[in-house]
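One structure below.
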Amino acid sequence: MTALLSVEGLAAGYGGALAVRGLDFAVAEGSIAVLVGANGAGKTTTVQVIAGALRPSGGTVRFAGEAVTGRDCPVMVERGVTLVPEGRLIFSRMTVEENLKMGAINRRAARNLGRNLERVFTLFPRLAQRRHQFGGSMSGGEQQMLAIARGLMAEPRLMILDEPSLGLAPKIVAEMFGLIRQLNVEGITILLVEQNVRQSLQLADQAFVIEKGRVVLSGDGPTLLDEPFVRTAFLGL
Amino acid sequence: MARTLLVVVLALLLFAALATLPLFLKAFYIRVGLSIFLSAGFAVCWWLLAGFTAYYSFGHTAFVGVGAFAAALTLRAVAAAAPGLQLAAGLLAGLVTAAVIAAAIAWPILRLRGHYFTIAMLAVALVLGEAVSAFPVFGGSAGLSLPNIAPSGMRVEAFFYWLALALLAIVMAIAWIISRSRLGYGLAAIREDEDAAQMLGVPTTRFKVVAFVLSGGLTGALGAVYALNLGYITTDSVFRGSLSLEMIVNSLVGGMGSLLGPVIGAAIMTGVTKLVLADLLEYHLAITGLLIVAVVLVAPDGVAGLWRRTRR
Amino acid sequence: MITLLQTLVNGVLYGGILSIAAVGFSLIFGVMNVINLAHGIFVIGGAYGALVAWSTLGIDPLASIPPLMLIAFILGWLCQRLVIQPAVQRGNPVAALLVTFGFTLVALNLLTVAFSSSVRSISPSYSFINLRLGDVSFDLVRLVAFACGLLLIGGLGSFLRFSRWGRIIRATALSELGARLCGVDARAVYALTFAVGSAFAAASGVLIGMMLPFTPAEEVTWTVYAFIVVTLGGVGSLGGAMLGGVLLGLVSALTQTYLGGVFTNMVMFLILLGTLLLRPNGILGSAFKASR
């Protein structure tokens, strides 16, 4: 399988301090890839660079065979990269439907707005019920679903999810991991950033452990689950 | 330690050199120097609050106005006293009244942050200005005149030149001492992250109030000098939005990062206005405006910041 | 009783004008978090634009609103792209405010050179007509200006509520990063917002020019009034701007009638200060921006 996304020698950070330096990894088309690492390891910085929200200070990002380093968000969304950000960043004082419409503002997805709305509402019946309610008035789990649904409206080839399970009840987390698998089966390549290491590694075709801005360990999910380092550092075993 | 001594000695030498200038200069240039010192003094006073804590006041002219009117009314009461005594009384009145008013509004107003503090200070200045012109006791709408307190035999402009220079030196010394004190470090912590500072045990409210009252009081003292130099004040001349703006502009043009910034900014802006633009009165505003835009875009950390950057 | 009624009517009519004169400022503040000191100059610029159209071409001030809005839109767009956006990118919140001040000085200077600093007014044929309803009299001009103001605010409200770009503007105000990740070019949104805000400022200037005499230096007044209206009603909310405007208009009219003209400004500024201290987010809070 060829790599849909590859990152080589990436360096990036906010205001002088580099959170990421010399990061390399590649995500195969059609797979579920997981980035795990402690707080402050540089995961969020990495995915923000890939999505075009943050300009890197070095390295290259390739998507579908083309160098896209430092391209802006609108370009990346148009190409098919969508980031569902940490903290969701839904539009709290806009209705669910308006939020979803915002997800489809790129030219490619705008053409299929009606069809995609229907698809998303079938996938998330809760959102269909709350269609005219303010996004901010819903529960945390529903807001996370809205954030993912908004991402889907952009018709991504690669969907990046940054800490989607943060602050959610275990039952909802399980539901969400099921959903991620389903999206992957439907053909969307997934890059998942998670602190919920056990559940996400069980899901992963490829996994990368990041420490201090570099990949220190990689392999498929189940293999990494047996790694002594992963067991002591993340699973508390 | 040796470096501190060096800074003090150099500063003293510089001020001494500046103090001798009136002996050689023409009256016009002495007045330019006087304007620079006054606006530099105002800018440093404003910077005492904004530079340390990032609380950007938009209404410091309130303290200029209060200081000016307090001085004028006090001088009226002590008209019979010796000129030296009158000067001391006026300065003290300006300082104390402005400081008292600052202290009175400090607690409620310093609860506000960001733009809200900025706007609230604008409102304070507007309310005080309107009050001074609405109530006849202050004589604000008709104006008040102040006596000439320059010692006989001394040129008036030279006298005010020295007075303004001395006050500038005092204000800068106070700011410098604060920047090296516990208060200064606490204020810097507030600037970086007020909530974090509070959690680390910085008494944020008390520190902010101290900085605010000092800033306001010193502005009031300078306001008294400003009024004495004008000789005749009205609401419009001392409660003037453009005075507040000049303090901000001078500090930003010079650079917010250090105490020298506001002084450099005042020297540049006032110097350019008085010397270069004196013959271009009609387009004076436009050129000032372009200068502000250019500085913000080309030298975001001010002229002092630009200098630091090129040295690196 | 009649005095009170008349005062209330005057207050509401004046308040409508204050509202429309503040919506542009409110939009820019709410979406971009920039205090636009150039607001008043766009207002006064609109008044002078209408004056030129009326005195040289004989165009009715109301008819000059659309073309003047277009001109202000373009000027606002350029001003944002060339001057304000670069300052915003410096990251210093005061940098943006300062460049709007610099821009104001330049514009004020040009206006003064072009029109002198003397007082001007626009008086179309219907300016001196008075309507009576019982014992209460209405200035026709004020009534027309009030209606136009409501129409404009309604138009802006529908644009923000129902149009695609309106939605994008609101989303960007709520979460800039969230909007960018949807593929929004935030810089384009800010330019559009500033342009729309400027256009509405100019439109309000035409209405003001029909009712009140003006000079270039009046720009300060309108920036300050916009400040007060927005602080009273809440940043970035059109309903807030309307409520704030009407309240301020009532306060101004009541003070003038019962306390005297010297106190109107003082009372207005006191209300600004009081609102800030008691309810810093305004009476209605913010419609599409979480409080900062």
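The values are calculated or read from the model by the stated rules, or taken from the named source; none is laboratory data. Computed from a prediction, not measured in an experiment: that's the story for all the values here. For neighbour counting, all protein chains shown are included, and Cβ atoms are generated from backbone atoms with ideal geometry for every residue, glycine included. Note: areas computed on protein heavy atoms with side chains; ligands, DNA, RNA excluded. Shrake-Rupley method; radii C 1.70, N 1.55, O 1.52, S 1.80 Å.
Taking amide H as placed 1.01 Å from N in the peptide plane, A:Glu211 has its amide H under 5 Å from the amide H of A:Val216, each at least 5 places away in sequence or on another chain. Rounded to the nearest 0.05, the FRET efficiency derived from the C-beta distance between C:Ser137 and C:Arg164 at R0 = 30 Å is 0.10.
Pairs of Cα atoms in the range C:67-178 fall into 5 Å distance bins, from 0 up to the last occupied one, in shares of 2, 8, 9, 14, 15, 16, 13, 10, 7, 4, 2, 0 percent. Per-residue packing, averaged as other Cβ atoms within 10 Å, sorts the ranges B:106-118, C:224-236 into the order C:224-236, B:106-118, beginning with the highest. For the pair A:Arg119 and A:Val75, the difference between a 0.36 nm per residue extended length and the Cα-Cα distance amounts to 13.4 nm. Highest GNM mean-square fluctuation among C:Val34, C:Val184, C:Val23, for chain C modelled with Cα contacts below 10 Å: C:Val184.
Summed over qualifying helices (DSSP H, 4 residues or more, each -39500 (n - 2.57)) and divided by its residue number, chain C shows a 222 nm mean residue ellipticity of -24500 deg cm²/dmol.
In this label model, A:Ser137 and B:Ala294 are separated by 5.5 nm, measuring between points 7 Å along each Cα→Cβ vector.
Of C:Val144, C:Val119, C:Val267, the residue with the greatest mean-square motion in the GNM of chain C, using alpha carbon springs below 10 Å, is C:Val119. Taking Cα centre as origin and charging only the Cβ of basic (Lys, Arg, +1) and acidic (Asp, Glu, -1) residues, the dipole magnitude of the protein assembly as shown rounds to 460 debye.
Please report the carbon-and-sulfur percent of the accessible area for the range A:91-153; probe 1.4 Å, protein heavy atoms only, DNA, RNA and ligands left out. Carbon and sulfur together cover 50 percent of it. At a probe radius of 1.4 angstrom, the accessible area of the range A:91-153 per residue rounds to 42 square angstrom. Karplus-based coupling profile of the range A:81-93, in residue order and whole Hz: 9, 10, 9, 8, x, 4, x, 6, 6, 6, 8, 5, 9, with θ = phi - 60° in 6.51 cos²θ - 1.76 cosθ + 1.60 and x standing for Gly or Pro. Neighbours of B:Leu222, meaning other residues whose beta-carbon lies under 15 angstrom from its beta-carbon, give a summed charge of 0 when Lys and Arg score +1 and Asp and Glu score -1. Rounded to the nearest 500, the 222 nm mean residue ellipticity of chain B from helices alone is -25000 deg cm²/dmol, with -39,500 (n - 2.57) taken per DSSP H run of at least 4 residues. Considering only Cα atoms, the convex hull volume of chain A works out to 117 Å³ per residue. Rounded to the nearest 100, the interface formed by chains B and C buries 3400 square angstrom of accessible surface, both chains summed, with a 1.4 Å probe.
In square angstrom and rounded to 100, what buried accessible area do you get between chains A and C, total over both, with the probe at 1.4 Å?
In total, chains A and C hide about 1900 Å² from solvent.
In a simple Cβ point-charge model (Lys, Arg +1; Asp, Glu -1; nothing else charged), the range B:144-276 has a dipole of about 280 debye relative to its Cα centre. Protein-only accessible surface at a 1.4 angstrom probe places the residues A:Thr232, C:Thr223 in the order A:Thr232, C:Thr223, largest first.
Using the 1.4 Å probe convention, the accessible area of the range C:1-105 works out to 34 Å² per residue with neighbouring protein chains retained. Each principal axis of the Cα cloud of the protein assembly as shown was taken in turn, and the coordinate range along them, longest first, works out to 95, 84, 45 Å. Going 7 Å from the Cα of B:Arg308 along its beta-carbon direction, which residues of the range B:40-63 have the amide nitrogen within less than 12 Å of the resulting point? Counting only backbone N, you get no residues. Kirkwood radius and radius of gyration were both taken over the C-alpha atoms of the range A:91-153, and their ratio Rg/Rh is 0.94. If you take the beta carbon distance between B:Tyr185 and C:Arg90 as r and set R0 to 25 Å, what does 1/(1 + (r/R0)^6) give as a FRET efficiency, to the nearest 0.05? So, using R0 = 25 Å, E works out to roughly 0.45. Rounded to 0.05, the FRET efficiency of the A:Arg126 and C:Ile74 pair, given R0 = 45 Å and the Cβ-Cβ distance, is 0.50. Counting every alpha-carbon pair across the range C:202-265, the share separated by more than 18 Å comes to 46%. Counting only alpha carbon atoms, the long axis of helix C:264-278 and the longest principal axis of chain C meet at about 40°.
For the set A:Ile90, C:Ile71, solvent exposure ranked by accessible area (probe 1.4 Å, protein chains only) runs largest to smallest as C:Ile71, A:Ile90.
Shielding by partners for peptide A:103-109, expressed as the average number of C-beta atoms from other protein chains within 10 Å of each residue's C-beta, is 3. Between B:Ala166 and B:Ser152, the modelled labels are 2.1 nm apart [label points 7 Å from Cα along Cα→Cβ].
Among B:Arg180, B:Arg191, B:Arg240, the largest mean-square fluctuation in a Gaussian network model of chain B, built with springs joining Cα atoms closer than 10 Å, belongs to B:Arg180. Take A:Gln195, project a point 7 Å from its Cα along the Cβ direction, then tell me which residues of the range A:39-55 have their backbone nitrogen under 13 Å from it. Of the residues in the range A:39-55, A:39-44 have backbone N under 13 Å from the label point off A:Gln195. Mean partner shielding of peptide B:55-65, defined as the number of other chain Cβ atoms within 10 Å of each residue Cβ, is 1.
Spacing of the modelled spin labels on B:Ile177 and A:Arg111, each 7 Å from Cα toward Cβ, amounts to 7.4 nm.
Remark: mean inter-chain Cβ contacts per residue of B:166-177 equal 0, using a 10 Å Cβ-Cβ cutoff to other protein chain atoms.
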